[in-house]
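Notes for the one structure printed next.
The values are calculated or read from the model by the stated rules, or taken from the named source; none is laboratory data. Every value quoted in this text rests on a predicted model; they were computed, and no experiment measured them. A quick note on method: Cβ atoms are made from the backbone with ideal geometry, for glycine too, and the neighbour counts reach across all protein chains shown.
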Amino acid sequence: MENRSLVTIANHSKERILYLLEMAQEFEKKPNRHLLDQRIVATLFFEPSTRTRLSFETAANRLGAKVIGFTDPKVTSSSKGETLKDTIMMVSNYADIIVMRHYLEGAARYASEIAPVPIVNAGDGANQHPSQTMLDLYSIYKTQGTLENLNIYLVGDLKYGRTVHSLLMAMRHFNPTFHFIAPNELKMPEEYKLYCKEHHIHYEEHSDFNEETIANADILYMTRVQRERFTDLMEYERVKDVYILHNKMLEHTRPNLRILHPLPRVNEIAYDVDNNPKAYYFQQAQNGLYAREAILCDVLGITLDEVKADTNRIMNL
Amino acid sequence: MSNKKELQVAALENGTVIDHIPSDKLFTVVSLLDLQHMDSNITIGNNFESKKLGKKGIIKIAGRFFTDEEISRLSVVAPNMKLNIIRNYEVVEKKEVVMPSELKGIVKCNNPKCITNNEPMQTWFHVADKEQGILKCHYCEKEQQVDNIKLI
């Protein structure tokens, strides 16, 4: 049987991405469906991540599935030295689909090779987090009406930020212009700039973050600048307040600008931004639900047509 | 000089001659092929002059032929080596060590947070760039240079 696991979307074609976004759109119209009645979704969180877990479990519940799993590896056998393989093989006996978050990179890929049921990667260390990328893409698509030809500004920690790297790669199909705004220590790594060149993605780099820099932005994607990422704490003290978005910086920005953030935020978006209609990070998190409903259905082989047919059935009731 | 007894490295009747080994990789090749545990007649020479490499090593192994899988293991340490297959004192085949497009179970991933370093499983690399010698881990997706690899 074809393995329908979702480990990464880095290699997804344009058509495939748009297909999944269209499916997410269907779920936004009507989030509660019975498409996964009688199914069991296991959520295995070898590393805690409340936000992602709640989002996946809500998606499963809204589709009518039942959820089993663990949220803290300390209570499982992996703390007794059980291998990942054994845990996955055991859970595969119970569940129709496994959603897993793991602190080791490549864990989801390996699980997808050994498990008889589909695996959904809910984050493997610093490597991939495809459902986050899907919800980011969906948020951009929904707020801009397209993914094509957009000016996307990535701000903050561009060195370690897994979400910005995945977003950059997924956007390659859509002719974006990227602006990288980061302190020197957290600059976009060379390999991703090389990736941009190879895929003819235009980009500019900035180290200052102010009203002028972001004047042409369609999307402002903020990330957290974390103290523990700095080897030089003097440098951290110098830059920690530079990459904070304040409401007054948004005055002359484009009307279609939307501000995204993968959450949790600490102080990189001032609270006075929350009431600005350009702030979109909470709706962005909500979009995660629709994106994850689409992902759960897709890995189980439920097609867009089937989802649409269900929409029509419900609409006609 | 001429009347000094020549130190005879016996010509091989049957076996394998590995030539063009970079001098600093000679002993890695020895261990990759597990020659230290082999009973055959083995001649190992090092620091011979070489136009291509400056200095090179040569290994002659009597009565032993290597599978393509064993040969491809060598590509990660010395991609330009040549193997001469000798039968009945004649070179019957020349094999070049070519980097395969995939390496399974040969190289260790240098990312300590990679699943392959934490789970009893085989490593798997895709050769991302043969010329530059760049390997990409199939699991954690980190790239590494062939010059910096650790063998399993």
*Quick check: anything in the range A:239-257 at pLDDT 95 or above, closer than 25 Å to A:K30 by Cα and assigned by TED's automatic domain parsing to the domain that holds A:M171?*
no
*Only one of these is farther than 22 Å from A:L150 by Cβ, at pLDDT below 95 and either within 14 Å of chain B (Cβ to nearest Cβ) or in contact with a strand residue (DSSP E or B) (Cβ under 6 Å, 6 or more places away or on another chain) (or both): A:E228, A:E235, A:E191. Name it.*
A:E191
*asked:* Quick test for you: out of A:R62, A:R51, pick the one residue that is at negative phi, surrounded by 15 or more Cβ atoms within 10 Å (Cβ to Cβ) and basic (K, R).
replied: A:R62
*From the options A:T83, A:T87, residue that is within 13 Å of chain B (Cβ to nearest Cβ), surrounded by fewer than 20 Cβ atoms within 10 Å (Cβ to Cβ), of a type in the set (V, I, T) and farther than 21 Å from A:L54 by Cα*: A:T83
*The listed residue being aliphatic (A, V, I, L, M), touching a Lys or Arg at 6+ places or on another chain (Cβ under 9 Å), surrounded by 24 or more Cβ atoms within 10 Å (Cβ to Cβ) and assigned by TED's automatic domain parsing to the domain that holds A:C297, out of A:L135, A:L104*: A:L104
*Return the only residue of B:E119, B:E70 being within 14 Å of chain A (Cβ to nearest Cβ) and in contact with a Leu (Cβ under 7 Å, 6 or more places away or on another chain).*
B:E119
*asked:* It is to be established whether one or more residues within the range A:293-305 are among the small types (G, A, S), part of a helix (DSSP H, G or I), modelled with pLDDT under 95 and within 30 Å of A:L36 (Cβ to Cβ).
replied: no
*If you go through the range A:12-57 one residue at a time, how many are under 30 Å from A:C196 (Cα atoms), within 15 Å of the chain's Cα centre (by Cα) and in a loop (DSSP other than H, G, I, E, B)?*
1
*Kindly list the number of the only condition in (1) over 25 Å from A:T83 (Cβ atoms); (2) within 13 Å of chain A (Cβ to nearest Cβ); (3) not in a loop (DSSP other than H, G, I, E, B) that fails for B:V127.*
(2)
*Evaluate the following for A:S139: is it over 16 Å from A:L6 (Cα atoms), of a type in the set (G, A, S) and in a helix (DSSP H, G or I)?*
yes
*Pairs with Cβ under 7 Å, 6+ apart, first in the range A:152-169 and free of Cβ contacts under 8 Å to residues at least 60 places away in the same chain, second aliphatic (A, V, I, L, M) and part of a strand (DSSP E or B)*: A:V164/A:L154
*Only listed residue being assigned by TED's automatic domain parsing to the domain that holds A:M188, in a strand (DSSP E or B), within 15 Å of A:K187 (Cβ to Cβ) and more than 21 Å from the chain's Cα centre (by Cα), chosen from A:E205, A:E235*: A:E205
_Is it the case, given these coordinates, that A:Y281 is modelled with pLDDT of 95 or more, within 20 Å of A:A59 (Cα to Cα) and within 22 Å of the chain's Cα centre (by Cα)?_
yes
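Results for (1) under 24 Å from A:Y290 (Cα atoms); (2) within 11 Å of chain B (Cβ to nearest Cβ); (3) within 16 Å of the chain's Cα centre (by Cα), shown as yes or no for each residue.
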| position | (1), (2), (3) |
| --- | --- |
| A:V67 | yes, no, no |
| A:K74 | no, no, no |
| A:V99 | yes, no, yes |
| A:H102 | yes, yes, yes |
| A:D124 | yes, yes, yes |
| A:P130 | yes, no, yes |
| A:G145 | yes, no, no |
